[in-house]
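Step one of this worksheet: look at the structure below.
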Ligand SMILES: [Zn+2]
């Protein structure tokens, strides 16, 4: 018995709404305003314009960077590979994405033309030791030699000095890390997204799924450009992250963008006294080391990590 009344009420309401929509622009304004209030979307930086110099007040070690923006860095370790790295570079070029390559020195010496292409296409090159040993089992001279030979090989191959290193297996003692930073000026770069793409058998789908679920603003993604499955996973992985609003920076760009201006300490130096952009050993003053300190000395990780 209420049905006719309900129907009448519905028709009346619909007619009123209709009149409001057609008769007043207010309705349209409200509909525009709602998503902006619910989902504030701060502008992502244009990665082409981000600086490629480490700030003096950077930290000593990073596994990710603090930011609310969907800015991330994807990294590829253990190359260059003469076949797979060029294929990866094609995929990155098609998408306008810049990555960071942690290179193994002996591969740099074997395939310098690939290193040259990596840099020519706007990617960052970084130091991943000469022969991928476990640093925690080496003395200080051996560690220095591993990094020095690789540093020099990269400069010889492409003319660009690396600013960062990643210890093989992510394992380095604090004393070693301190010495490396003092000698080379490198911060240690770890990761917070690990698709374990080096595990075999490991499908491209699993690599995609891991990266899809683990990535968040400021993430540093660990991959290896020496495995077929990693390269096979990249088109869908990169397109998924891009579609979800993520933008890719190199690791140095990500650090530079997310490092807050120095609050303590002396006033900002005048342009005449700033560190030249091409100096490979930044000043160590102001270096901070806090949140991820324990991760680098977690030598227990070494047994679990058997990436090449
Ligand atoms: Zn490695």
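The values are calculated or read from the model by the stated rules, or taken from the named source; none is laboratory data. Fair warning: this is a prediction, and the values are worked out from it, not measured in the lab. Reconstructed Cβ throughout: ideal geometry from the backbone, glycine too, with neighbour counts over all protein chains shown.
Conditions tested, residue by residue: (1) assigned to a strand (DSSP E or B); (2) within 11 Å of the chain's Cα centre (by Cα).
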| residue | (1), (2) |
| --- | --- |
| 67 | no, no |
| 74 | yes, yes |
| 79 | no, no |
| 85 | no, no |
| 98 | no, yes |
| 101 | yes, yes |
| 106 | no, no |
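Residues of region 80-98 being within 16 Å of the ligand (Cβ to nearest atom) and either at positive phi or touching a helix residue (DSSP H, G or I) at 6+ places or on another chain (Cβ under 6 Å) (or both), which ones? Matches in region 80-98: 80, 84, 85, 88. Annotation for region 242-250: at least one member residue is within 15 Å of residue 76 (Cβ to Cβ) and not in a loop (DSSP other than H, G, I, E, B).
Residue by residue, here is whether (1) in contact with a helix residue (DSSP H, G or I) (Cβ under 6 Å, 6 or more places away or on another chain); (2) buried (at least 17 other Cβ atoms within 10 Å of the Cβ) holds:
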position: 149; (1), (2): yes, yes
position: 162; (1), (2): yes, yes
position: 171; (1), (2): yes, yes
position: 174; (1), (2): no, no
position: 189; (1), (2): yes, yes
position: 194; (1), (2): no, yes
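Considering the conditions (1) within 30 Å of residue 56 (Cβ to Cβ); (2) in a loop (DSSP other than H, G, I, E, B), residue 195 is excluded by exactly one of them, (1).
Filtering 68, 56 for residues that are under 14 Å from residue 254 (Cβ atoms) and touching a residue at least 60 places away in the same chain (Cβ under 8 Å) leaves a single hit, 68.
Given the criteria within 16 Å of the ligand (Cβ to nearest atom) and buried (at least 16 other Cβ atoms within 10 Å of the Cβ), does residue 109 qualify?
Criteria not met by residue 109.
If you go through region 260-277 one residue at a time, do you hit one that is modelled with pLDDT under 95, under 30 Å from residue 94 (Cβ atoms), out of contact with any helix residue (DSSP H, G or I) (no Cβ under 8 Å at 6 or more places or on another chain) and surrounded by fewer than 20 Cβ atoms within 10 Å (Cβ to Cβ)? For region 260-277, residues modelled with pLDDT under 95, under 30 Å from residue 94 (Cβ atoms), out of contact with any helix residue (DSSP H, G or I) (no Cβ under 8 Å at 6 or more places or on another chain) and surrounded by fewer than 20 Cβ atoms within 10 Å (Cβ to Cβ): present. Would you confirm whether or not region 170-182 contains a residue that is assigned to a helix (DSSP H, G or I), under 23 Å from the mean Cα position of the chain (by Cα) and farther than 19 Å from residue 63 by Cα? Scanning region 170-182, I find no residue that is assigned to a helix (DSSP H, G or I), under 23 Å from the mean Cα position of the chain (by Cα) and farther than 19 Å from residue 63 by Cα, so the answer is no. Here region 126-146 is the region considered, the condition is being under 21 Å from residue 252 (Cβ atoms) and touching a helix residue (DSSP H, G or I) at 6+ places or on another chain (Cβ under 6 Å), and the residue that is nearest to the ligand (Cβ to nearest atom) is 129. Within the set 221, 255, the sole residue that is more than 16 Å from the ligand (Cβ to nearest atom) and either at pLDDT 95 or above or on the phi < 0 side of the Ramachandran plot (or both) turns out to be 255.
Do we have residue 129 as closer than 22 Å to residue 73 by Cα, touching a strand residue (DSSP E or B) at 6+ places or on another chain (Cβ under 9 Å) and modelled with pLDDT of 95 or more here? Yes: the conditions hold for residue 129. I'd like to check something: does region 150-169 contain any residue that is within 19 Å of residue 235 (Cα to Cα) and touching a residue at least 60 places away in the same chain (Cβ under 8 Å)? No, region 150-169 contains no residue that is within 19 Å of residue 235 (Cα to Cα) and touching a residue at least 60 places away in the same chain (Cβ under 8 Å). If you check 202, 216 for being at pLDDT 75 or above, within 16 Å of the ligand (Cβ to nearest atom) and assigned to a loop (DSSP other than H, G, I, E, B), only one passes: 202.
Taking region 71-112 as the range and being farther than 22 Å from residue 198 by Cβ and touching a residue at least 24 places away in the same chain (Cβ under 8 Å) as the test, the residues that pass are 71, 93, 95, 98, 109, 112. Residues of region 39-79 that are within 16 Å of the ligand (Cβ to nearest atom) and either on the phi > 0 side of the Ramachandran plot or exposed (fewer than 15 other Cβ atoms within 10 Å of the Cβ) (or both): 78 alone.
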